[in-house]
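Scroll down for the structure; my scribbles are underneath it.
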Amino acid sequence: MIIIAFIYACLLFFEWRYLKRKNRTARTYRIVFAFVIFTFLSMEALYYFRDQFTLADVIEMVFDPMEKFIVWGIEKNE
Amino acid sequence: MNDKYEKVTPTQLYMLFSLYLFTTILSFRQGALVGEAKFGVWVSLLIGSFGGLLFPYFSYRLAKRRPTRFFSHYGREIVGSWLHYPLVSIMIFSYLFSAAFVLREMQDFMVEVFLPDTPDWAVTSIFCICVAYAVRSGVQTIFRCAQGVFFLTMIGMLLIPVFVMGELNKDMSVAFLNHFDWKGIGSGSYLVASLYGQMSFILFLFPFFSNQQKTMKSLIWATVTSLFIICSNLIPTILIFGPELTSNLIYPELELIRYIRAGYFLENLDPVLISIWLTSLFIKISLFLYVAILILTHSFSLQDHKPLSLTMTILMAGISLLMVRTGADLVRLMGHGEVMFLIVTEAIPILYLVVDWIRSRLGKSSNEKAKA
């Protein structure tokens, strides 16, 4: 978790330097920083809950019943 | 407006998609595909590829209506902001997830076969540095990479069947014409269609193309080329190992390459061929990631994609490491929902096309009424 935070801190600094060099608007700064923070939080959440929850579980939960229903029909459900 | 972008020629498009299409099937889906369709695998490849080509065709039809504008800019005019942004988020997630999925498959392959005891994160991060560099440099770099490795990859892939020619069990080849399990062929086609249908992201890259009328032609030729490459490797694999063993091998293509005994100095040819093979995977991952970043950039109305590229690359690496617990879960996911997930996201442009078509028809008729 600390390593993820460290990587994101480096990233934030790097992006800040890039935006400053290119003289971007305040709106761009806001969007980029908000996005970095959002992805940071999602990554930490994914890492912290890795034993209880993975993205594969979500996809399986949503699309597997749909796949069975549409593609395989009743046959595979039996 | 159009001139400020770097252009992609139809030849570059053809070369990239040829590489893009055969890599995943040959590298990771061969076992699953042969397991489903057995000897009828070539039929399921044909049906699946041309069926899957319908998705990019509809995308192309939609993109052709506004050839100089990016989809993420005009999409909300078609279905309205409330529906557009959730749909676009699903598409961004889908491309990011696809990139992460391929990266995970590649990472498992490298760790299992060539780099045992190397931590997963090390392989992923080194690969991600390359991907981040390519993606940050832009679409032209990715297409030029594909152009650079195209001939080398083609020669490499076509050499493999030539080297193993002596080992083939030619008596088995008659089974390709008289063993058809239509149910298996159907599920094989479904798997192939989801992979070929992913080309529907041409919608987002359309303003980059220089000769837009030839887009579909390039894609059809890329499909034909990739089918040729896949069959030229898949058929010898089945003729050497038989369908049962092929479907139970994790990496049949690797076993086929290891079967080559071309001479003493070519004894260990596999790392060379696999490095060629990995380059195509690198192009595929970069392209998926680039498309995800491009959609995000346009949705936020930013000037260029660079400030978001590193963040998205790290997110992709994170998803790829944390998306499943073990390699077995990855295989399970492929048979439980992933294909449907891909097909649903590929079909989103069709929804836009239908709505746009209805709106333009209604607009026309109301205009006519107003004139009358």
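Residues in region B:268-309 that are among the aliphatic types (A, V, I, L, M) and either within 14 Å of another protein chain (Cβ to nearest Cβ) or crowded, with 24+ Cβ neighbours inside 10 Å (or both): B:283, B:285, B:287, B:289, B:291, B:292, B:293, B:294, B:295, B:296, B:302, B:308. Restricting the first residue to region B:68-95 and requiring it to be at negative phi and of a type in the set (D, E, K, R), which pairs with a second residue that is at pLDDT 90 or above and surrounded by 14 or more Cβ atoms within 10 Å (Cβ to Cβ) meet a Cβ separation below 6 Å and a spacing of at least six or different chains? Between residues of region B:68-95 that are at negative phi and of a type in the set (D, E, K, R) and residues that are at pLDDT 90 or above and surrounded by 14 or more Cβ atoms within 10 Å (Cβ to Cβ), the close pairs are B:76/B:84. Restrict the check to region B:112-135 and report whether at least one residue is buried (at least 19 other Cβ atoms within 10 Å of the Cβ) and not in a helix (DSSP H, G or I). Looking for residues that are buried (at least 19 other Cβ atoms within 10 Å of the Cβ) and not in a helix (DSSP H, G or I), one finds none in region B:112-135, hence no. Listed by first and then second residue, the pairs linking a residue in region B:310-334 that is within 7 Å of another protein chain (Cβ to nearest Cβ) and farther than 18 Å from residue A:44 by Cβ to a residue that is part of a helix (DSSP H, G or I) and β-branched (Val, Ile, Thr), with Cβ atoms under 8 Å apart and 6 or more places separating them unless they lie on different chains, are B:333/A:59. The helices (runs of 4 or more DSSP H) found wholly in region B:155-235 and carrying at least 2 residues that are without any contact (Cβ under 8 Å) to a residue 40 or more places away in the chain occupy B:175-178. Look at region B:37-48: where a residue is free of Cβ contacts under 8 Å to residues at least 40 places away in the same chain, no partner that is crowded, with 23+ Cβ neighbours inside 10 Å and in a helix (DSSP H, G or I) sits 6+ places away or on another chain with Cβ atoms under 8 Å.
For beta carbons closer than 8 Å, sequence separation of 6+ or different chains, a first residue in region B:291-306 that is in contact (Cβ under 8 Å) with a residue 60 or more places away in the chain and more than 18 Å from residue A:23 (Cβ to Cβ) and a second that is of a type in the set (Ser, Thr, Tyr) and surrounded by fewer than 18 Cβ atoms within 10 Å (Cβ to Cβ), the qualifying pairs are B:299/B:85.
Evaluation of residue B:67 against the conditions (1) assigned to a helix (DSSP H, G or I); (2) surrounded by fewer than 22 Cβ atoms within 10 Å (Cβ to Cβ) shows that the sole unmet condition is (1).
The values are calculated or read from the model by the stated rules, or taken from the named source; none is laboratory data. This is a predicted model, so every value here is computed, not measured. Cβ sites come from the backbone with ideal geometry, for glycine too, and all protein chains shown count toward neighbours.
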